[in-house]
Amino acid sequence: MASTNNEQSPVRVLGGPTALFEYGGLRFLTDPTFDAPGDYHVPRGRLTKTAAPAVAPSDIGRIDVVLLSHDEHPDNLDDSGRALLADVPLTLTTPGGGERLGSAARGLADWESIELDRPGGGTITVTGVPAIHGPGAREDVEPVTGQVVGFVLTGEGLPTFYVSGDNASLDLVRQIAERCGPVDTAILFAGAPRFPILFDGALIVLDSAQAAEAVKILGARRVIPVHYDSWAHFTEGRDELVAAFADAGLADRLDLGDRG
């Protein structure tokens, strides 16, 4: 699925896991989180948002498709993000999320694809790809942290985009690379979140060094990291990402995105 187009579409990073980009004439938004800082009570404790988003939902303009890795955690879909979905024609998410979020949501199973019409003619293919939100086998992780899905976007003459979602498994990245690689742009969720009460404190999303390794596996020409700021449970941020990519000899592929 290598691209025939060397142009790189700008990606606007809005904070946390939320990024905005145009692809094939459609505007895509990842995991909407637009609430002000504050606390969220979740079944196993509390999540704390530490920073406001770069912009308000009213300032980002038209959204054609939301790519939602999962709907069950407020650091991926908060109250304002959930309200935004009501005005978006299509939300692509997990099979379970597709059932919970209503008629404008569509769940994608592993390797399931949907064709979207491009405004100028032609189509975009969005393929749901596997993700695991924690260490170990899916059957052990999903009862604790729920389903997660990633996405691969392709189209004639368009660069290949990969959006990882909250994935902690490099083995799954290898499967995605084998079936869909190389990719032009990878939007990788990172931040190295850990909770002592979950999986003995093991990573539930990639850390910075693993994000660099994922770029090697995917053959990605560019990586935009998200999901590493604005929440207290992220244990690695911008500095760790920059250092890890420099150590891996991949500093030229790291793109921190257009902020705000």
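Using Cα-Cα distances under 8 Å and only pairs 6 or more residues apart, what relative contact order does the chain have, in percent?
Normalised by residue count, the contact order of the chain is 19 percent.
Could you please state, rounded to a whole Å, how far the C-alpha centre of region 191-260 is from the C-alpha centre of region 115-140?
20
If the viscosity is 0.890 mPa s and the temperature 25 °C, what Stokes-Einstein diffusion coefficient in µm²/s follows for region 210-260 when Rh is the Kirkwood radius over Cα pairs?
Translational D for this selection: 215 µm²/s.
Around ALA105, what is the net charge, scoring Lys/Arg as +1 and Asp/Glu as -1 over all other residues with Cβ under 15 Å from its Cβ? Mind dumping the intermediate values first?
On the way: positive: ARG82, ARG100, ARG106; negative: ASP31, ASP64, ASP71, GLU72, ASP87, GLU99, GLU112.
Net charge in that neighbourhood comes out at -4.
Give the relative contact order (percent, whole number) for region 19-84; include only Cα pairs under 8 Å separated by 6+ residues.
Once divided by the residue count of region 19-84, the mean separation gives 42 percent.
Computed from the coordinates by the stated procedures, all read-outs in this text should not be read as laboratory data. Note that this is a predicted model, so its numbers are computed, not measured. Heads up, the Cβs are rebuilt from the backbone with ideal geometry, glycines too, and the neighbour counts pull from every protein chain shown.
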